[in-house]
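A.B. asks: Got a structure here, written out as structure tokens. Questions coming.
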Amino acid sequence: MELDSDILESFADQLDLEPETIEDRWTGRPDLIAEDIFRVRDEDTGELRDLELFEIQKKALHAYFYGDADTINNFKGRRIGYSFVYCLAFLLEGIFIPDSFYAIVSKKKDQADARIGDIQDFIDHAKVKIPAPTTNKGEIELWNGSGFKAYTGDPDGSRGQPSARSVMIDEMAFIEDQKGANRAYGAFLALGKNRKMVQISTPNLSNDLFLQTHNRGTPTGYDEDGNYVGVISIKQPTFLNADEIDINTPLHQQELVPARPNLNISRVEEDRAADPVGFGQEYLCQPALDEYRFFSAESIERAMGRGGKGDYSAGLGVPNTADLRAIGVDIGINRDDTVIQVFDHISDKRYHRFQQVITDDVLAEFGLRRPDRANADHISQYVASVYNQMDADIVVIDRTGPGETFDRQLTSRVGRAVIGFNFSDREQFNEMMGDMNSALRNDRVTLLPDERLEEEMTSVVKEKKRDGSLPTYTGKEESETGKDDTAMAAVLGAFPPGYAVSPGRNADQAQQPHATPDRGENLAPSPPSPPQAAHAVSAAHSSTTLNRRGGRSGRNSSRNYNLRHSRR
């Protein structure tokens, strides 16, 4: 990159330095130019400070300005800051080379807009004046005609656009049509010399275009025989000693060398605990797996070992002294089953108190004539009686597809204590599954011993999607039963959407009186405890009659729950 003499003189004057001084300092050192003229906000204080680039970021800058390759592929761990540094590179080059155009592409437009926002921040906080007469959302034009624009990953969005000096495809592995986007936006670079395609991403799938390109490239853009390859491949995990890190051991128990010194290890540990295999891929750049068993079999075995102890209390009659008692209900109509799972939430721990697969026989024993497990009215009566019998606080019910009818029927009996959840809400469900996995691995969950529950939980597979969307979870393909209903109901009960423990604080949830199931004149007995749920229930805790009651007896004054997410 040649330094324009007029701009050099202007910057030198604003920095109160001699032009010769900064020319000597800046020649061949784009990292020093950036650090001398740009400022950023400190992550802790919010105050502006001089930009300080990490070594890995300096190497990326040099690869951009002095690397001999048409494509720079950055296979990175999370929180490396490569998108940030290439935005910096685009701005520096655009300042010194007039009428240059730069395209920033991401899966979603707002993500690309955020990168344009980074460039705007560089301009606003710089120590020197960088006139930018045109600044719209997702678009900036400098005084010298150089411009920066955000694009969505949809290839059709590239039509009719100007030629570019460089294109950055951010988080490329998560773009639905990688080949289409790469081809469409690569056409921006068809005219002129020294054009660059910058590809940046954490890994997603095992053999997508992003990883194929990375594997084709080399650190220099040339092979061992000196032949031109055209791709500079940069691989940078979040930790410099990534090969020494055990994904199944808490990070605070290991020696770590972060690639950037301001990395929040505690936050990264939360990600590791929620999904160790995913952590290995996203932070350590380990080989990507398209799908893998999600829950740890060893952690489930330990959890059931705790629930199998002779002094562990379970069953319908266990008094509710928890911060929150939640019932999870997974609805099944045809091949699937409808399952109830009840968990006590005490601080950050979860205690499994009751489990029931609701069959026609269970409904008949409950006292319903012509029982039908596909009948929403029958299911709602049974669940409502469990809700009352166990003095529960909330019921989280699967309202996916036909579950909407069950949700309405149960709400008519229990009121606002019912929380409907749609499994198509992948973002929320992904978080719930991660919370369950983390709690299991850290021995914060106690489960009732049950072969089916154990088999279905260990069969749950996390499957990544080729369209770059959030993953899906299912155990139906791997489990012997061909079902995963006990596992899904357990997640609903243990980590309901919208609730988080906050010790020492009162509940923000509005308390509603319990409704009484309406079964006419037929006062049938309460639901029986399944064998695995009743093994440790003392006579003092057991109950064989349906308790009809209204208020909450003042017990909720000790509840320590608060709302984390709005209900959906």
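The values are calculated or read from the model by the stated rules, or taken from the named source; none is laboratory data. On a predicted model such as this, the values are computed, not experimentally measured, just so you know. Cβ placement follows ideal geometry from the backbone for every residue including glycine, while neighbour counts extend to all protein chains displayed. To get the accessible areas, we keep the full protein, side chains included, count just its heavy atoms, and leave off ligands, DNA and RNA. Shrake-Rupley method; radii C 1.70, N 1.55, O 1.52, S 1.80 Å.
A.B. asks: Apply 1/(1 + (r/R0)^6) to the Cβ-Cβ distance of Glu176 and Arg293, taking R0 = 25 Å, and write down the FRET efficiency to the nearest 0.05.
C.D. replies: After rounding to 0.05, the efficiency reads 0.45.
A.B. asks: What figure in square angstrom, to the nearest 10, would you give for the accessible area of Thr213 with a 1.4 Å probe?
C.D. replies: Solvent-accessible area, nearest 10 Å²: 10 Å².
A.B. asks: Rg to Rh for the stretch 1-82: what is it, with Cα atoms only and Rh by Kirkwood?
C.D. replies: 1.02
A.B. asks: Further question on the same structure: Which net charge results for the neighbourhood of Val418, defined as the other residues with beta-carbon distances under 10 angstrom from its beta-carbon, given Lys and Arg at +1 and Asp and Glu at -1?
C.D. replies: +3
A.B. asks: First select every other residue whose beta carbon is under 13 angstrom from the beta carbon of Glu139; then total the charges, Lys and Arg +1, Asp and Glu -1. Intermediate results must be reported in sequence, preceding the final value.
C.D. replies: On the way: positive: Lys109, Arg115, Lys137, Lys149; negative: Asp113, Glu141.
Every neighbour counted, the sum reads +2.
A.B. asks: Can you give the helix-only mean residue ellipticity at 222 nm for the chain, where every DSSP H stretch with n ≥ 4 adds -39500 (n - 2.57) and the sum goes over all residues, rounded to the nearest 500 deg cm²/dmol?
C.D. replies: Computed mean residue ellipticity for the chain: -10000 deg cm²/dmol.
A.B. asks: Pairs of Cα atoms under 8 Å, at least six residues apart: use those to get the relative contact order of the chain, whole percent.
C.D. replies: Reported as a whole number, the value is 13 percent.
A.B. asks: Here's something else I'd like to know. Mind checking the full-extension length gain between His252 and Thr134? Use 0.36 nm per residue of separation minus the Cα-Cα distance, one decimal, nm.
C.D. replies: 37.7 nm
A.B. asks: Given Tyr312, Gln57, Val198, which one lies farthest toward the positive end of the charge dipole of the chain, if we put +1 on the Cβ of every Lys and Arg and -1 on the Cβ of every Asp and Glu?
C.D. replies: Towards the positive end, the residue furthest out is Tyr312.
A.B. asks: Now, a different point. How much of the accessible area of the chain, probe 1.4 Å, is carbon plus sulfur, in whole percent?
C.D. replies: On the way: 10990 of 24820 Å².
It is 44 percent, rounded to a whole number.
A.B. asks: Using Cα pairs closer than 8 Å and at least 6 residues apart in sequence, work out the relative contact order for the stretch 137-289, in percent.
C.D. replies: Details: 198 pairs, mean separation 26.2, N = 153.
Once divided by the residue count of the stretch 137-289, the mean separation gives 17 percent.
A.B. asks: Please state the relative contact order of the stretch 266-416 as a whole percent: Cα pairs under 8 Å, 6+ residues apart?
C.D. replies: 19 percent
A.B. asks: Tell me, what does the Kirkwood hydrodynamic radius of the chain come to in angstroms if you use every pair of distinct C-alpha atoms?
C.D. replies: Hydrodynamic radius (Kirkwood, Cα pairs) of the chain is 27.0 Å.
A.B. asks: Right, next: For the stretch 271-339 and the stretch 379-410, write down the distance between their C-alpha centroids in whole Å.
C.D. replies: Here the answer is 21 Å between Cα centres.
A.B. asks: Taking only the alpha-carbon atoms of the stretch 174-308, what semi-axes of the equivalent ellipsoid follow from 5 times the gyration tensor eigenvalues under a square root, in whole Å, largest first?
C.D. replies: After diagonalising the Cα gyration tensor, the semi-axes are 37, 18, 13 Å.
A.B. asks: Heads up, I need the accessible area for Ile346: 1.4 angstrom probe, whole protein in place, Å², nearest 10.
C.D. replies: Only protein atoms counted, so the area is about 60 Å².
A.B. asks: A further question on this structure: Among residues other than Gln14 whose Cβ falls under 9 Å from its Cβ, what is the net charge (Lys/Arg +1, Asp/Glu -1)?
C.D. replies: 0
A.B. asks: Please state the shape class of the stretch 110-224: rounded when a/c is under 1.5, otherwise prolate if a/b exceeds b/c and oblate if not, all from the C-alpha gyration tensor.
C.D. replies: Prolate is the answer for the stretch 110-224, as a/c is 1.5 or above and a/b outweighs b/c.
A.B. asks: Quick one: what are the phi-derived ³J(HN,Hα) couplings along the stretch 347-362, Karplus 6.51/-1.76/1.60 with θ = phi - 60°, whole Hz, x for glycine and proline?
C.D. replies: Each residue of the stretch 347-362 in turn: 6, 9, 9, 10, 10, 7, 10, 7, 9, 8, 8, 8, 9, 4, 5, 5 Hz.
A.B. asks: Which is farthest toward the positive dipole end of the chain among Val40, Ile72, Leu8, measuring Cα position about the Cα centre, with Cβ charges +1 (Lys, Arg) and -1 (Asp, Glu)?
C.D. replies: Going by the Cα projections, it comes out as Val40.
A.B. asks: Leaving ligands, DNA and RNA out of it, work out the accessible area of Glu301 with a 1.4 Å probe and give it in Å² to the nearest 10.
C.D. replies: Ignoring ligands and nucleic acids, Glu301 comes out at about 120 Å².
A.B. asks: May I pose another question? At a Förster radius of 60 Å, what calculated FRET efficiency corresponds to the Cβ-Cβ distance of Ala364 and Asp121, to the nearest 0.05?
C.D. replies: Efficiency, from the Cβ-Cβ distance: 0.35.
A.B. asks: Label points 7 Å out from Cα along the Cβ direction at Asn442 and Thr321: separation in nm?
C.D. replies: Those two pseudo-labels are separated by 2.5 nm.
A.B. asks: Here's a follow-up. What accessible area per residue, rounded to a whole number of Å², is obtained for the stretch 392-475 using a probe radius of 1.4 Å?
C.D. replies: With the other protein chains kept in place, the stretch 392-475 gives 36 Å² per residue.
A.B. asks: Write out the trypsin sites (Lys or Arg not before Pro) in the stretch 169-208 meeting two conditions: DSSP loop, and at most 13 other Cβ atoms within 10 Å of their Cβ.
C.D. replies: Values: sites: Lys179, Arg183, Lys193, Arg195, Lys196; in loops: Lys193, Arg195.
Answer in residue order: Lys193.
A.B. asks: Quickly work out the Asp225-to-Thr472 label distance, labels modelled 7 Å from Cα along the C-beta direction, and quote it in nm with one decimal.
C.D. replies: Reported label-point gap for Thr472 and Asp225 is 4.6 nm.
A.B. asks: Further question: Please compute the length gained on full extension between Asn207 and Glu55, using 0.36 nm multiplied by the number of residues separating them and subtracting their Cα-Cα distance.
C.D. replies: 51.8 nm is the gain from fully extending Asn207 to Glu55.
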